[in-house]
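Asks: I am attaching a structure below and will ask some questions about it afterwards.
The values are calculated or read from the model by the stated rules, or taken from the named source; none is laboratory data. Being a predicted model, the structure only gives us computed values, none of them experimental. Backbone-built Cβ (ideal geometry, glycine too); neighbour counts: all protein chains shown. The protein model used for the area step is the full one, side chains on, heavy atoms only, and it has no ligands, DNA or RNA in it. Shrake-Rupley method; radii C 1.70, N 1.55, O 1.52, S 1.80 Å.
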Amino acid sequence: MKKGLVLEGGAMRGLFTAGVLDLMLEKGIEFDGAAGVSAGAAFGCNYKSKQIGRALRYNKTYCRDWRYCSFRSWLFTGDIYGAKFCYYDLPFELDIFDTDTYTKNPMEFYVVATECGTGKAAYYLMEGYDETDRKWMRASASMPGVSKPVKIGDKEYLDGGISDSIPLEFMQSRGYDRNIVVLTQPDDYVKKPLKIMPLMKVLTHKTPNVYEALDRRPDMYNAQTEYVRQCEKNGDTLVIRPEASLEIGSIEHNPDELQRVYDIGRQTAKKRIDEIEAFMSCGS
């Protein structure tokens, strides 16, 4: 029986996920594999490298640094989250990513991106942290309209949440028959069409299939959350989600707000740790 971890994105709502993951790491909970989308990938990779607290630490430390995330970064680099700062300066100089532990850990780690030419999801098994791996990670978290597409080989990619926000079915297709899913929206959340879709059509005019995927995304997302609920009822999926809206935006420069959302994640996981441990021990 293969046990998997599925991590939704959600920009700074991902600090909720970071809190959940850190608590599970402290309890020694291990998975055979994981799939992360956008912030779920960017923060979730620290589970495989076993770096408790890293995602919270660097977000709080650099949330006010324009190189990390700002409209100034978007103006000067084309990426609201600075590519060089986030994927080179941070992991190699400022808050070192433990590449050695990551590579030696047998847990599979998949990142999800959206292929710009088709608007469909692409899945990449990130075995290390070389330049190609980092490109896939960056692509997974490159929000449309405020990020440049990431070129990998002869194709370009953007945020995985556009095409597969909750890759539970993907993990099941890979043989992961018992999964913990971490969501960043409460159970009663229903995704609605973006009010800025006319603007998104302008911003994504070079990638029309990305725009079409964005247009379909509410229906896709709502169908996925319903599928997650059905799997939860079947007993082969355990879902960890906030009880209420986290009330945090895609960009947050207040470290206290980042801490607040992280703490909600920790507290949520702590309240359910007995359930989590029982779920993971079943079938072992």
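Asks: In the range 60-79, is there at least one residue being closer than 19 Å to Arg266 by Cα and assigned to a helix (DSSP H, G or I)?
Replies: yes
Asks: From the list Ala139, Ala121, which one is more than 30 Å from Cys282 (Cα to Cα), free of Cβ contacts under 8 Å to residues at least 40 places away in the same chain, touching a Pro at 6+ places or on another chain (Cβ under 9 Å) and not acidic (Asp, Glu)?
Replies: Selected residue: Ala139, the only one of Ala139, Ala121 that is more than 30 Å from Cys282 (Cα to Cα), free of Cβ contacts under 8 Å to residues at least 40 places away in the same chain, touching a Pro at 6+ places or on another chain (Cβ under 9 Å) and not acidic (Asp, Glu).
Asks: Among the residues of the range 16-53, write down those that are assigned to a helix (DSSP H, G or I) and hydroxyl-bearing (Ser, Thr, Tyr).
Replies: Scanning the range 16-53 gives Thr17, Tyr47.
Yes or no, residue by residue, for (1) without any contact (Cβ under 8 Å) to a residue 12 or more places away in the chain; (2) surrounded by 15 or more Cβ atoms within 10 Å (Cβ to Cβ):
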| position | (1), (2) |
| --- | --- |
| Gly28 | yes, no |
| Gly33 | no, yes |
| Ser49 | no, yes |
| Lys60 | no, yes |
| Gly78 | no, no |
| Asp89 | no, yes |
| Leu94 | no, no |
| Phe97 | no, yes |
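Asks: Within 18 Å of the chain's Cα centre (by Cα), on the phi < 0 side of the Ramachandran plot and of a type outside the set (Phe, Trp, Tyr): is that true of Arg241 in this structure?
Replies: So Arg241 fits the description; yes.
Asks: Here is a list of conditions, (1) more than 19 Å from the chain's Cα centre (by Cα); (2) of a type in the set (Asp, Glu); (3) surrounded by 12 or more Cβ atoms within 10 Å (Cβ to Cβ), and Glu226 meets all of them except one; can you say which number that is?
Replies: All conditions pass for Glu226, except number (3).
Asks: Another question about this same structure. Restricting attention to the range 247-269, which residues are open to solvent by 40 Å² or more (accessible area, probe 1.4 Å) and out of contact with any Cys (no Cβ under 7 Å at 6 or more places or on another chain)?
Replies: Across the range 247-269, the qualifying residues are Glu247, Ser250, Asn254, Asp256, Glu257, Gln259, Arg260, Asp263, Ile264, Arg266, Gln267.
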